[in-house]
1. Kindly check whether there is at least one residue in the range 79-91 that is within 20 Å of V51 (Cα to Cα) and in a loop (DSSP other than H, G, I, E, B).
2. Name the one entry in E95, E91 that is more than 12 Å from K45 (Cα to Cα), loosely packed, with under 14 Cβ neighbours inside 10 Å and not aromatic (F, W, Y).
3. Would you confirm, using the coordinates I've provided, whether A134 is in a loop (DSSP other than H, G, I, E, B) and closer than 23 Å to G49 by Cβ?
4. Scan the range 98-131 for residues that are over 15 Å from I42 (Cβ atoms) and in contact with a helix residue (DSSP H, G or I) (Cβ under 7 Å, 6 or more places away or on another chain) and jot them down.
5. Got at least one residue in the range 70-78 being under 14 Å from the mean Cα position of the chain (by Cα) and not small (G, A, S)?
6. Suppose we filter the range 25-50 for residues that are assigned to a strand (DSSP E or B) and at pLDDT 95 or above; how many remain?
7. Can A101 be described as modelled with pLDDT of 85 or more and either surrounded by 14 or more Cβ atoms within 10 Å (Cβ to Cβ) or not in a strand (DSSP E or B) (or both)?
8. Is it true that D53 is among the charged types (D, E, K, R) and in a loop (DSSP other than H, G, I, E, B)?
Amino acid sequence: MKNNKKGIIIGGVVLVALIAIFAAVFMFNRPATNKGGKNIVIEVKNSAGEVTDYDLSTDAEYLKGAMDELAENGSGFSYSGTDGDYGLMVEYVNEERADYAQDGAYWALYVNGEYGQYGADSQPVADGETYTWAFEAAQ
């Protein structure tokens, strides 16, 4: 019985140590954010290839916060989506739906012309950057 209790205690200590290690790795590898005012552009390229630019001054640290501000300020920009295991999945931009399951289309995020590495809720916002939502059909 004593060996069993000792094994449980050791297992608990190892579990706590692993949690601490994973938390530290996450904290050191998460994308850095910039606090304070930033001037950014959110660009929308719809299914017809038409491009609309929205200039925004924001204090948001992540793109989703900036998009929320833009949607609330009467600019005409809108978006919606669903939260999933990997963050926010954007399904509508400016009332245009991209549904991969239905038609093989999706909203792709580009940062300064480069394919985005993060979703809207984890993409840091930096001064002078352009964030493009492009309607794309899978090939």
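The values are calculated or read from the model by the stated rules, or taken from the named source; none is laboratory data. Since we're looking at a predicted model, the values are computed, not measured. A quick note on method: Cβ atoms are made from the backbone with ideal geometry, for glycine too, and the neighbour counts reach across all protein chains shown.
1. Residues of the range 79-91 that are within 20 Å of V51 (Cα to Cα), as a first pass: 79-80, 90-91.
Right, trim to in a loop (DSSP other than H, G, I, E, B) and you get none.
The answer is no, given that none of the residues of the range 79-91 is within 20 Å of V51 (Cα to Cα) and in a loop (DSSP other than H, G, I, E, B).
2. Working: E91 fails: loosely packed, with under 14 Cβ neighbours inside 10 Å.
Matching residue, one of E95, E91: E95.
3. Details: in a loop (DSSP other than H, G, I, E, B): no; closer than 23 Å to G49 by Cβ: yes.
No: the conditions fail for A134.
4. Y106
5. Initially, the range 70-78 is screened for residues under 14 Å from the mean Cα position of the chain (by Cα), giving none.
The answer is no, given that none of the residues of the range 70-78 is under 14 Å from the mean Cα position of the chain (by Cα) and not small (G, A, S).
6. Initially, the range 25-50 is screened for residues assigned to a strand (DSSP E or B), giving 38-45.
Remaining after also requiring at pLDDT 95 or above: 39-45.
The total comes to 7.
7. Numbers: modelled with pLDDT of 85 or more: yes; either surrounded by 14 or more Cβ atoms within 10 Å (Cβ to Cβ) or not in a strand (DSSP E or B) (or both): yes.
Taking the combined requirement at face value, the residue satisfies it.
8. Numbers: among the charged types (D, E, K, R): yes; in a loop (DSSP other than H, G, I, E, B): no.
For D53, the condition - among the charged types (D, E, K, R) and in a loop (DSSP other than H, G, I, E, B) - is not met.
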